[in-house]
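The values are calculated or read from the model by the stated rules, or taken from the named source; none is laboratory data. Quick caveat, the model's predicted, so the values are computed rather than measured. Please note: Cβ atoms are built from the backbone with ideal geometry, for glycine as well, and neighbour counts cover all protein chains shown.
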Amino acid sequence: MKKFFAAVLAMALAMSCFAFASAEGEIKIGVIGPTTGPAAVYGLAVERGAQIAVDEINALGGLQLALNPQDDENDAEKGINAYNDVMDWGAQMILGTVTTTPCIAVSADAYEERVFMLTPSASSTKVIEGKDNVYQVCFTDPAQGAASAQYIADHKLATKVGIIYNNASDYSVGIYQTFMQKAAELNLDVVAETTFSDDNNADFSVQIAECKNAGADLIFLPIYYTPASMILAQAKTAEYAPVFFGVDGMDGILTMEGFDKTLAEGVMLLTPFSADAEDDLTKNFVAKYQQAHNEVPNQFAADAYDGVYALYAAIQNAGITAETSYEEACELLIAEMQKIEVVGLTGTMTWAATGEVDKTPTAVVIENGVYVGVK
Amino acid sequence: MISFLSHLVNGISLGSVYAIIALGYSMVYGIAKMLNFAHGDVIMIGGYITFCATQYWGLPPVVSVLAAMLVCTVLGVIIERLAYKPLRAASSLAVLITAIGMSYFLQNSAQLIWGANPKSFPSVVNIPTLYLLDGRLLISGETMVTVLANIVIMISLTLFTGKTKMGRAMRAVSEDRGAAELMGINVNATISLTFAIGSALAAVAGVLLCSSYPALMPTTGSMPGIKAFTAAVFGGIGSIPGALIGGILLGVIEILGKAYVSTELGDAFVFAVLIVVLLVKPTGLLGKKVHEKV
């Protein structure tokens with residue numbers, strides 16, 4: 001019996017070696033993100049978005065790319081395990097990690113070991129701070145917070161502003177802080193600041209009542225769309241109808257299955273990607289994604305798609321091949337990232353030496369269940 | 001004053017959702033003497049079945065809820081048969097760990113079947129909001145239905161365990177499993193029935209939870225499940241009225257704590273009160289003190 005188990009184990013080990021064995025000449029990209037657990041929606045979107053880009057690139061012939069996606073369950077320790085897995089596989093660079101918390105842990109190791117990282121969606125500045133080899137496809141949190149305050153002030157959207165943010169999330173807190181700084185500069189009157197945490201994200205009656213009693217006529221929501229959908233529903237129950245203003249995390253609310261779109265009527269958000277955009281690039285991507293996965297891609301999928309194309313551009317310019325070691329690839333990619341300009345789903349992107357992306361956020365308002373650009 | 005009243009109403013609304021989950025928890029604990037940590041996830045499955053029934057198959061809300069109850073009942077009995085029955089003689093720790101494993105199994109199965117994307121649950125309650133005090137105090141239809149459902153369930157469970165033969169068998173099994181078996185009670189069938197009822201209640205709880213707080217995802221049941229477990233302990237685990245009172249108090253404390261102390265400390269406040277109650281009265285508010293005879 002023991003021998004039998006040993007044989008099965010040996011087989012399994014041998015199989016696992018074949019599972020991600022890649023063809024000769026492919027450039028190996030490790031992908032790390034949560035594909036199970038509460039944050040799985042983001043990791044799966046990135047994995048799928050990246051795969052579409054890789055399939056397109058490989059279909060062109062020429063340079064071939066291989067992905068190895070590993071699950072980090074949105075956990076710092078498991079992120080390090082996933083990082084070790086992709087490095088053992090022979091990854092030459094990393095697309096990831098998807099969420100901020102594991103990204104901070106993994107990027108510290110990647111900095112020590114000189115592995116190039118491009119994160120599609122971890123937007124905290126802590127991810128890139130002091131690391132020359134980590135780049136972002138998404139906006140940093142401060143950029144979003146400041147841009148939102150600027151936009152609200154410029155367009156005189158509100159006299160009194162309420163905020164509901166998640167104080168257990170680096171993403172939400174980061175945007176909140178810079179929003180408050182910019183709001184003070186611009187003399188925006190913030191009358192209510194309320195918080196919630198990941199463990200307490202179902203009942204928002206207290207937060208809504210606080211904003212309502214303070215007379216806020218706009219509520220800023222620097223949070224993801226799942227709690228946002230609850231806030232919209234509960235504000236309606238409380239018969240309170242201010243303007244709701246979100247950031248990129250709000251994107252996806254309209255594609256939430258079963259969501260009553262009338263709740264989102266008049267919601268404004270700053271986002272770099274809209275699945276309803278009419279350009280050919282977006283239409284092609286959305287069609288492919290829908291065909292493969294039967295759902296509308298969100299911003300994370302778009303960021304991952306753009307991330308692969310950014311890597312592709314930098315790899316081509318730097319002349320990286322399957323034989324280039326990850327240390328060499330890292331230095332070459334750092335030099336190239338600052339030179340390239342990529343036209344992607346989320347806009348035209350260039351990168352600063354800090355790793356921060358430069359692209360223009362666009363404001364959209366939800367009218368009759370679709371995004372409408374605001375001039 | 002008005003804001004205090006509206007916080008109170010919101011607290012009762014949240015608490016009655018905890019209460020309805022706690023009823024199922026408490027009943028299974030009281031009779032099978034095991035903590036069914038998968039209870040919260042059966043709630044989530046109930047939510048998904050109702051979602052599918054209303055959104056994909058176009059069934060009316062009442063039929064959807066009945067369908068969810070049916071599926072959850074079958075699921076509860078199967079879980080009990082496959083995962084808990086073989087461990088009847090094992091230590092309670094082994095059963096507890098199996099229950100936690102079952103909880104993860106259900107969550108990940110739901111993710112495989114329905115995907116990780118959250119779904120927005122359309123409320124099955126179609127009762128208009130009630131306006132009190134010149135429209136300054138609102139009570140939503142969901143709140144009224146949940147409170148009503150709690151009362152109906154509590155009364156019928158009390159009657160069932162007090163008056164019917166099956167109910168009396170349940171109480172006998174709860175008191176002394178060995179002696180009950182000697183008296184000719186089929187212990188396994190009784191425990192299966194407990195799981196069936198507990199899981200049907202979980203389906204109702206799932207529908208009401210998602211109607212009030214409409215984001216449905218594979219982890220929807222886990223946090224309310226833990227809070228409801230706390231509520232059951234708070235009220236005296238095993239006691240049916242205790243679960244109701246514990247649940248509602250927990251919701252009210254949480255909301256008032258959030259409103260008047262800090263939105264960040266709502267949960268800390270809840271658990272601090274729990275610690276105090278357990279220090280003063282270790283069996284919970286309505287728990288009975290059982291003297292062990294040697």
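State all residues of the stretch A:104-146 that are of a type in the set (Val, Ile, Thr) and farther than 23 Å from A:Thr178 by Cβ; if no residue qualifies, say none.
Listed by number, the residues that qualify are A:Val106, A:Val115.
Take the residues in the stretch A:332-364 that are farther than 25 Å from A:Gly130 by Cβ and at pLDDT 85 or above, then tell me which one is farthest from the chain's Cα centre (by Cα).
Ranking the qualifying residues of the stretch A:332-364, first place goes to A:Glu341.
Within the stretch A:298-318, identify whether any single residue is part of a loop (DSSP other than H, G, I, E, B) and either more than 21 Å from A:Ala143 (Cβ to Cβ) or in contact with a Cys (Cβ under 6 Å, 6 or more places away or on another chain) (or both), and answer yes or no.
Checked the stretch A:298-318: no residue is part of a loop (DSSP other than H, G, I, E, B) and either more than 21 Å from A:Ala143 (Cβ to Cβ) or in contact with a Cys (Cβ under 6 Å, 6 or more places away or on another chain) (or both).
In the stretch B:218-243, how many residues are within 14 Å of chain A (Cβ to nearest Cβ), surrounded by fewer than 23 Cβ atoms within 10 Å (Cβ to Cβ) and over 12 Å from the mean Cα position of the chain (by Cα)?
Result for the stretch B:218-243: 1.
Only one of (1) of a type in the set (Ser, Thr, Tyr); (2) more than 7 Å from chain B (Cβ to nearest Cβ); (3) buried (at least 24 other Cβ atoms within 10 Å of the Cβ) fails for A:Ser229. Which number is that?
All conditions are met except number (2).
May I ask you to verify whether A:Ala91 is within 14 Å of chain B (Cβ to nearest Cβ), crowded, with 24+ Cβ neighbours inside 10 Å and touching a helix residue (DSSP H, G or I) at 6+ places or on another chain (Cβ under 8 Å)? Show your work before the answer.
Details: within 14 Å of chain B (Cβ to nearest Cβ): no; crowded, with 24+ Cβ neighbours inside 10 Å: yes; touching a helix residue (DSSP H, G or I) at 6+ places or on another chain (Cβ under 8 Å): yes.
Taking the combined requirement at face value, the residue does not satisfy it.
Being buried (at least 23 other Cβ atoms within 10 Å of the Cβ) and in a strand (DSSP E or B) is the filter here, so list the residues in the stretch A:139-164 that pass it.
Within the stretch A:139-164, A:Val161, A:Gly162, A:Ile163, A:Ile164 qualify.
Just to be sure, is B:Ser211 within 14 Å of chain A (Cβ to nearest Cβ), of a type in the set (Ser, Thr, Tyr) and not in a helix (DSSP H, G or I)?
No, not satisfied.
A quick yes/no check of all residues on (1) more than 22 Å from A:His155 (Cβ to Cβ); (2) within 23 Å of the chain's Cα centre (by Cα):
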site	(1), (2)
A:Ala235	no, no
A:Val243	no, no
A:Asp248	no, yes
A:Gly252	yes, yes
A:Ala264	no, yes
A:Asp279	yes, yes
A:Ala301	yes, yes
A:Ala304	yes, yes
A:Glu327	yes, no
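Taking into account only those residues within the stretch B:249-294 that are surrounded by 22 or more Cβ atoms within 10 Å (Cβ to Cβ) and away from every other protein chain (no Cβ under 14 Å), which is nearest to B:Met27 (Cα to Cα)?
It comes out as B:Gly284.
Quick check on this structure: which one of B:Val17, B:Val42, B:Val62 is within 14 Å of chain A (Cβ to nearest Cβ) and β-branched (Val, Ile, Thr)?
B:Val17
With the structure loaded, tell me whether A:Gly162 is out of contact with any strand residue (DSSP E or B) (no Cβ under 9 Å at 6 or more places or on another chain), within 30 Å of B:Ala268 (Cβ to Cβ) and outside the structural domain of A:Ala335 (by TED's automatic domain parsing) or whether it fails that test.
The answer is no for A:Gly162.
Is it the case that the stretch A:75-90 has a residue that's outside the structural domain of A:Tyr171 (by TED's automatic domain parsing), within 24 Å of A:Ile175 (Cβ to Cβ), without any contact (Cβ under 8 Å) to a residue 60 or more places away in the chain and charged (D, E, K, R)?
The answer is yes, given that some residue of the stretch A:75-90 is outside the structural domain of A:Tyr171 (by TED's automatic domain parsing), within 24 Å of A:Ile175 (Cβ to Cβ), without any contact (Cβ under 8 Å) to a residue 60 or more places away in the chain and charged (D, E, K, R).
Yes or no, residue by residue, for (1) loosely packed, with under 12 Cβ neighbours inside 10 Å; (2) on the phi > 0 side of the Ramachandran plot; (3) within 14 Å of chain A (Cβ to nearest Cβ):
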site: B:Leu93; (1), (2), (3): yes, no, no
site: B:Gln107; (1), (2), (3): no, no, yes
site: B:Ser120; (1), (2), (3): no, no, yes
site: B:Pro128; (1), (2), (3): yes, no, yes
site: B:Ala169; (1), (2), (3): no, no, no
site: B:Asp176; (1), (2), (3): yes, no, no
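Are any residues in the stretch A:237-253 in a helix (DSSP H, G or I) and either at the interface with chain B (Cβ under 10 Å from one of its Cβ atoms) or in contact with a His (Cβ under 7 Å, 6 or more places away or on another chain) (or both), and if so, which ones? First the steps, then the outcome.
First, the residues of the stretch A:237-253 that are in a helix (DSSP H, G or I): A:237, A:248-250, A:253.
Once the filter is applied, which keeps residues that are in a helix (DSSP H, G or I) and either at the interface with chain B (Cβ under 10 Å from one of its Cβ atoms) or in contact with a His (Cβ under 7 Å, 6 or more places away or on another chain) (or both), the stretch A:237-253 yields A:Thr237, A:Ile253.
Could you tell me which numbered condition B:Thr194 fails, if it satisfies all but one of (1) farther than 16 Å from B:Ile153 by Cβ; (2) of a type outside the set (A, V, I, L, M, F, W, C); (3) outside any loop (DSSP other than H, G, I, E, B); (4) over 13 Å from the mean Cα position of the chain (by Cα)?
(1)
Taking the stretch A:129-138 as the region of interest, how many residues are touching a strand residue (DSSP E or B) at 6+ places or on another chain (Cβ under 7 Å) and surrounded by fewer than 24 Cβ atoms within 10 Å (Cβ to Cβ)?
Total meeting the criteria: 1.
Any residue at all in the stretch A:273-282 that is within 14 Å of another protein chain (Cβ to nearest Cβ), buried (at least 19 other Cβ atoms within 10 Å of the Cβ) and not in a loop (DSSP other than H, G, I, E, B)?
No, the conditions are met nowhere in the stretch A:273-282.
Can we say B:Ser3 is in a helix (DSSP H, G or I), within 12 Å of chain A (Cβ to nearest Cβ) and in contact with a Gly (Cβ under 9 Å, 6 or more places away or on another chain)?
Numbers: in a helix (DSSP H, G or I): yes; within 12 Å of chain A (Cβ to nearest Cβ): yes; in contact with a Gly (Cβ under 9 Å, 6 or more places away or on another chain): no.
No, not satisfied.
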